[in-house]
Structure formats: structure tokens, C-alpha cells
Ligand code: CP
Ligand code: NVA
């Protein structure tokens with residue numbers, strides 16, 4: 001495993017290995033035990049899009065592992081070609097993290113850099129998010145994901161695609177509950193269905209989609225880069241707001257998950273965000289631990 005571009009490129013054992021290491025690093029962090037597994041190493045952190053969680057957790061994470069992060073706010077491909085950026089960084093750093101619009105740019109970085117490349121969100125995928133989320137899901141629902149159903153309510157976007165990729169490897173059932181026209185990338189779903197052990201369903205019906213759900217997940221209606229579509233999307237997604245009534249359609253002990261940032265009053269209400277079933281801030285914490293596991297594995 002050289003890079004983490006997509007969970008579709010990982011084996012089930014590799015994913016489970018990352019999750020177990022994330023648990024171990026979380027325990028060490030909480031116990032105050034040093035774990036300087038990447039002493040003296042550097043991570044280049046490329047951001048084309050805004051970030052709170054990803055930026056802080058990668059920078060803090062590499063520091064806690066004994067290394068340092070170097071922030072690069074840029075638009076790839078403008079000042080110089082993406083392969084040249086990769087060739088330069090390769091001479092200096094031990095790992096490259098990139099948050100880009102074009103998914104192809106992350107693939108190109110990985111192709112031209114010998115250093116490991118970590119996808120920190122593209123228009124297509126967000127694998128680090130789903131590793132942290134799965135760590136949180138295991139903490140709240142146990143390590144046996146087999147019988148669990150996650151209902152993803154909202155847009156078939158980058159976060160949903162990465163859930164689909166995870167469900168192709170681990171036996172989790174994922175149902176997308178979305179308005180018509182927002183079902184996501186059919187090729188990603190078809191490829192995952194070909195090997196998935198669990199069910200990967202898509203429905204437009206909230207009652208059907210949320211029935212027996214153990215986790216209800218949502219994300220913003222307009223992702224970064226889709227701001228111009230906000231008005232159209234608000235109209236289409238309004239019936240799919242995760243509020244108390246929607247949570248009541250899932251199992252009584254279902255958890256509520258959100259990758260954040262949350263747009264309170266749009267895709268989720270305060271009642272749900274601030275309610276006892278919300279584990280969004282556990283997910284956010286786990287970004288730190290899961291990404292430390294990814295860095296320690298790829299850059300060690
Ligand atoms: N969830 C997530 O990736 O958050 P940021 O956009 O703040 O990094
Ligand atoms: N789908 C969202 C996720 C943000 C973490 C976006 O791409 O903006």
C-alpha cells in the first residue's frame with residue numbers, strides 16, 4: 001500500500017489494520033504515551049479547498065508522531081504542472097496530503113511522487129473521513145459491522161462514495177436515501193456491488209431507507225465547489241432534512257453521524273445535532289487518530 005487515494009484500492013485486511021492502529025493510537029494519545037513513529041519526517045499538506053478538521057488533524061497528527069506538516073494553500077496545475085509539483089515535493093518530504101477539486105490531480109500526484117500520497121478529499125472521494133467514521137461506528141456499535149445498516153440521507157457525494165467503497169470491503173449495509181437525480185456515481189456503486197458482502201441500496205423513500213437503520217448519516221446539500229447550485233439543491237433536499245421525526249424512522253438506538261461542517265437548519269436540525277444520539281464530534285476527534293494511523297502506515 002503506497003498511497004491512500006481510494007478505499008477501493010485497499011484490501012479488507014488493510015482497512016481493518018488501519019482501524020485497529022487508529023484505536024491503538026487513540027488509546028496512547030488519551031494515556032499521554034508518546035508515539036513518535038515518524039520522528040523527523042515531513043508531510044506536505046496541499047489545500048485547494050477550505051478546511052477546519054482535516055487541516056488541524058493532519059498538522060497536529062504529524063506533530064504528535066514526531067514529524068512536521070508544511071501547509072501549501074494553492075490551486076494545482078496553475079503555477080506549474082501537477083507532475084512537476086510531485087517531482088519537487090518528492091525531493092523534500094516523506095508524504096503528501098492533498099485536498100483538491102479534481103480527483104485526477106491526486107492520482108497524478110501519486111503517479112509522479114515516490115512519496116505516499118493521501119487523499120484528504122476530492123470532488124469524488126473522502127476516504128480519511130470514512131476511516132474516522134468507521135472507527136466511531138465501531139466504538140458505538142461494536143466491531144461486528146456485519147448486521148449494521150447505515151442510512152446515508154442526502155447527496156450521493158464524495159462522502160457517500162467513500163462509504164460505498166468501504167462497504168465493498170467490509171460487511172456493512174449502506175442505503176442512500178436521496179431525491180431523484182442525486183444518486184451519485186453509478187460506476188462506483190456498480191463496482192462496489194460486484195464484490196460487496198452487505199447490501200448497497202438506493203431509495204427516494206425516507207421510511208423505507210431509514211427502516212431498521214443503526215446509523216443515520218448526512219452531509220451538506222451543496223459540497224465545496226457546488227455553491228452555485230445551493231438554491232436548487234435546497235429545494236430538492238428540503239424533504240430529506242434529518243430532524244427528530246426522521247430520526248424516529250430509524251432504530252430507537254440509532255446514532256446520528258455527520259462529517260461536518262453541519263449546516264444547522266438545512267440538512268440537520270439543532271435538535272438532532274445537539275441530541276444524545278449525535279456522534280459527529282467523536283467522528284471529528286477520530287479524524288486525528290485515523291489519519292495518524294494512515295500516516296504511520298504509509299510514511300513509517
Ligand atoms: N469533515 C471534513 O473534512 O472537515 P473539513 O472540511 O473542515 O476539513
Ligand atoms: N461533501 C462535503 C464534505 C465536506 C467535508 C464537501 O465536499 O464539501
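Laboratory data are not the source of any read-out in this text; all were calculated from the coordinates shown. Since the structure is predicted, the reported quantities are computational estimates derived from the model, not experimental observations. Here the Cβ is made from the backbone with ideal geometry for all residues, glycine too, and neighbour counts use every protein chain on show.
Arrange 233, 36, 91 by Cβ neighbour counts within 10 Å, fewest through most, would you?
Fewest to most other Cβ atoms nearby, the residues stand as 91, 36, 233.
Relative to the longest principal axis of the Cα atoms of the chain, the long axis of helix 82-92 makes an angle of roughly 60 degrees. Only Cα pairs under 8 Å and 6+ residues apart enter the sum, and on that basis the relative contact order of the chain stands at 21 percent. Measuring r between the beta carbons of residue 78 and residue 111 and using R0 = 25 Å, the FRET efficiency lands at 0.85.
Per the Debye formula on identical point scatterers at the alpha carbon atoms of region 63-110, with no solvent, log10 I(q)/I(0) at q = 0.29 Å⁻¹ is -1.28. Given a cut-off of under 8 Å on Cα pairs at least six residues apart, what relative contact order in percent is computed for region 238-300? After rounding, I find 35 percent. Among 30, 126, 103, a tally of other beta-carbon atoms within 10 Å of each Cβ gives an order, fewest to most, of 30, 103, 126. Gap in Å between the Cα centre of region 245-300 and the Cα centre of region 134-160? So the separation of the two Cα centres works out to 10 Å. Helix 186-195 axis versus longest C-alpha principal axis of the chain: approximately 90°, rounded to the nearest ten. The length gained on full extension between residue 281 and residue 139, counted as 0.36 nm times the residue separation minus their Cα-Cα distance, comes to 49.8 nm. Here the Kirkwood formula puts the hydrodynamic radius of region 119-207 at 13.0 Å, using every distinct Cα pair. Once the Cβ-Cβ distance of residue 36 and residue 11 is raised to the sixth power relative to R0 = 25 Å, the FRET efficiency obtained is 0.35. Kirkwood radius for the chain, taken over all pairs of different Cα atoms as the inverse mean of 1/r, rounds to 19.4 Å. As a rough footprinting exposure proxy, the listed residues 13, 84, 94 were ranked by other beta carbons within 10 Å of their own, and the order from fewest upward is 13, 84, 94. The relative contact order of region 116-213, computed from alpha carbon pairs under 8 Å that lie at least 6 residues apart in sequence, is 27 percent. Its residues counted as N, region 138-290 yields a C-alpha radius of gyration over 2.2 N^0.38 Å of 0.97.
Quick check: Cα centre of region 51-100 to Cα centre of region 182-221, how many Å? Here the two parts' Cα centres lie 32 Å apart. Between residue 263 and residue 230, the distance separating the two model label sites (each 7 Å from Cα on the Cα→Cβ line) works out to 0.7 nm. Just to confirm the number: angle between the C-alpha axis of helix 280-299 and the first principal axis of the chain, 0 to 90 degrees, nearest 10? The answer is roughly 30 degrees.
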